[in-house]
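The values are calculated or read from the model by the stated rules, or taken from the named source; none is laboratory data. Predicted, not measured: the structure shown is a model, and the values here were computed from it. Every residue, glycine as well, gets a Cβ built from its backbone with ideal geometry; the counts of neighbours run over all protein chains shown.
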Amino acid sequence: MASRAVSLKPEPGAVTDREGQLASRDNLALGIGLLFLLAYPALDTLLGRTRLGAMEGIMVYVILAMGLNIVVGYAGLLDLGYAAFFAIGAYTMGFLTSPASYFVKQGWIPELFTSKWGFWPALAVSWVVAAIFGVLLGTPTLRLRGDYLAIVTLGFGEIVPNFFRNAAGVTGGISGINRVGVPYLPEIMGFRIHFSASTQRNWYYLMVFIGLLSLLMIRRLYNSRLGRTWAAMREDEIAAASMGVNLVKTKLWAFALGASFAGFAGSIYASAFTIVSPDQFEFSVSITILAMVILGGLGNVYGVIVGAILIGSFDRILAEELTKPLNSFGDAIGVGWLANHSVTSDRFLVFGLALVLMMLFRPAGLFPSARRKAEMQPEDEATLRHENIQLYDTLESDEPAAGSRV
């Protein structure tokens, strides 16, 4: 019988159709999520919850998580000091726009930044300054991977807040910098949008806009040649280098762009809360953001957004809401410590437990990217057994049986 050749090449248009379906699904999810975010202030007022202030912090978390996903999810570089870039962006905004800034008092800051329009150019400068520090961190760590890279980034994350705390003459020390500049928009048709501590809705919409802008930029990066280079480097650095990938430039781009979005978040955070101090950028912030990326799904920007909203909502809203029924239950059963316990003190316990469960049951996250999911989950049981086989099992199977001739 004549053998029939079997082609392994996919049918024409099959890959394109699959990519189109994924793009349509992502766009639909983005549209639904954006409609909810735009309608949330009205729902918040209708329900009388007054949670817009908490939502501002959650939106900052979203921007930070999307930036860290570039470093960890796309490029595969473990960064435990991400809060340092968050602090750099916030302090840059404070240095440029606050009348209490040391540099403003010395007259070293151009009037462009100290004027009513100063927030917008300072926002761009914070983005650039954070990116520069990302390059400065990435340059000495180019040959490091895994645990060694994590230790270096951890050290950097501890150095930056302590520097701002100890350089009191320039940074204000523990007190920080207050009266940070706020955005200004011109009057349009007799209507002007004001930004102050009492206009939480305007701040919320500004953060949603900056978050959407960050999302569009990151999506373009992921689908670009640079994004594919990050994926190749993450899967196998040696293979990527042998195919002509410049690992130095690729890693520096990852550190710079990831840090730049942290600067974005830090600058708007400092402006919204009108103060920046070193206590806002402790190591726990880096761990919380990393937990958001892992929980949502490595490499999937939409999954990361979901992870940031879930953890941020528990941290800023749900933990406080759960405290009241827990205290009432403690009073009812006569348990004193339960009646006085606050769930907010257990948030890191909950985050750690969530990470443990994720590593056991869904190591790629709730909504991982298709490529990450394929890496973490083999196609069949034979491949899974082969990947899980231990070295000593292999050595034992290679030993000749007793009494056999070699």
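Miscellaneous remarks
- Enumeration of residues in segment 39-59 that are surrounded by 12 or more Cβ atoms within 10 Å (Cβ to Cβ) and of a type outside the set (Gly, Ala, Ser): Tyr40, Pro41, Asp44, Thr45, Arg49, Arg51, Leu52, Met55, Glu56, Ile58, Met59
- Qualifying positions in segment 286-321 - within 23 Å of Ala259 (Cβ to Cβ), hydroxyl-bearing (Ser, Thr, Tyr) and surrounded by fewer than 24 Cβ atoms within 10 Å (Cβ to Cβ): Thr288, Tyr302
- Set Leu8, Leu43, Leu35, Leu28: member being among the aliphatic types (A, V, I, L, M), over 24 Å from Phe273 (Cβ atoms), at pLDDT below 85 and in a helix (DSSP H, G or I): Leu28
- Across segment 228-246, the qualifying residues are those that are assigned to a helix (DSSP H, G or I) and among the small types (Gly, Ala, Ser), and the one among them that is surrounded by the fewest Cβ atoms within 10 Å (Cβ to Cβ) is Ser242.
- Any hit, segment 138-151, residues being among the aromatic types (Phe, Trp, Tyr) and either surrounded by 19 or more Cβ atoms within 10 Å (Cβ to Cβ) or more than 27 Å from Ser369 (Cα to Cα) (or both): no
- Scanning segment 177-194 for residues that are touching a residue at least 24 places away in the same chain (Cβ under 8 Å) and touching a helix residue (DSSP H, G or I) at 6+ places or on another chain (Cβ under 8 Å) returns Ile177, Val180, Gly181, Val182, Pro183, Tyr184.
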